[in-house]
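Input: a single structure, listed below in structure tokens.
The values are calculated or read from the model by the stated rules, or taken from the named source; none is laboratory data. Worth saying up front: this structure is predicted, and the values here are computed from it rather than measured. A quick note on method: Cβ atoms are made from the backbone with ideal geometry, for glycine too, and the neighbour counts reach across all protein chains shown. For accessibility, only protein heavy atoms count, side chains too; no ligands or nucleic acids. Shrake-Rupley method; radii C 1.70, N 1.55, O 1.52, S 1.80 Å.
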Amino acid sequence: DVKVTQSSRYLVKRTGEKVFLECVQDMDHENMFWYRQDPGLGLRLIYFSYDVKMKEKGDIPEGYSVSREKKERFSLILESASTNQTSMYLCASSFARSITEAFFGQGTRLTVV
Amino acid sequence: EDKVVQSPLSLVVHEGDTVTLNCSYEVTNFRSLLWYKQEKKAPTFLFMLTSSGIEKKSGRLSSILDKKELFSILNITATQTGDSAIYLCAGTNAGKSTFGDGTTLTVKP
């Protein structure tokens, strides 16, 4: 079974803090994605990566950055957390340039106070 | 900009009812349409559709794609309380998916 693991289920951070959300997959997938999910807004793509050390902006990259130093790990960084970044964050992975499904992690519910 | 629209946004039915969920898409270089079910945690995969007019079935769930009219439907027959979830559809191109807002289905006993 494919496993996508996010480092935290719940996280509470203060405004202005630097926040790291980690995601690891064990299926040697080339593609990795970070989404945020908010009620009524569905899943919105923040950043994605097709390969190590490569990244592309999704639909809402402002206020975020990413890092992919190893194939299995994709980190989402909130440089200076703000209250409007309170959300559910979902990491996903899939095979390269494929049309098959993405496999999701269990999500991290981040609250910024 | 790629766009996926789902309707209705929410639906409340009783056990045994049949429901139809809709998904329309505008995705550049479209490759496939994916349906997911999300309960309290991560979305789980239901169907992948790449060809028009070919129905995919899994138990009481079925789905079909119309590439000419750019939409897909997900049917659930004889609904059960365990079908209560958010149903997401996504259009993909070269590995990147654009998701709709989801349809929240509530099945009452």
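One residue stands out among those in segment B:83-103 that are more than 11 Å from the chain's Cα centre (by Cα) and at pLDDT 95 or above: the one that is farthest from the other protein chains (Cβ to nearest Cβ), which is B:D83. Count of segment B:2-45 residues, restricted to those that are open to solvent by less than 60 Å² (accessible area, probe 1.4 Å), assigned to a strand (DSSP E or B) and facing chain A (nearest Cβ under 9 Å), is 6.
Only residues that are assigned to a loop (DSSP other than H, G, I, E, B) and either within 8 Å of chain B (Cβ to nearest Cβ) or open to solvent by 10 Å² or more (accessible area, probe 1.4 Å) (or both) were counted across segment A:17-44, and they come to 9.
All of B:T79, B:T98, B:T92 fail the test of being part of a loop (DSSP other than H, G, I, E, B) and open to solvent by less than 20 Å² (accessible area, probe 1.4 Å), apart from B:T79.
Screening B:I54 on (1) in a loop (DSSP other than H, G, I, E, B); (2) of a type in the set (A, V, I, L, M, F, W, C); (3) within 11 Å of chain A (Cβ to nearest Cβ) shows it passes everything except condition (3). The single condition from (1) within 9 Å of another protein chain (Cβ to nearest Cβ); (2) under 21 Å from B:D101 (Cβ atoms); (3) surrounded by 13 or more Cβ atoms within 10 Å (Cβ to Cβ) that A:Y47 fails is (1). None of A:S65, A:S75 is over 20 Å from B:L88 (Cβ atoms), assigned to a strand (DSSP E or B) and either open to solvent by less than 20 Å² (accessible area, probe 1.4 Å) or among the hydrophobic types (A, V, I, L, M, F, W, C) (or both) except A:S75.
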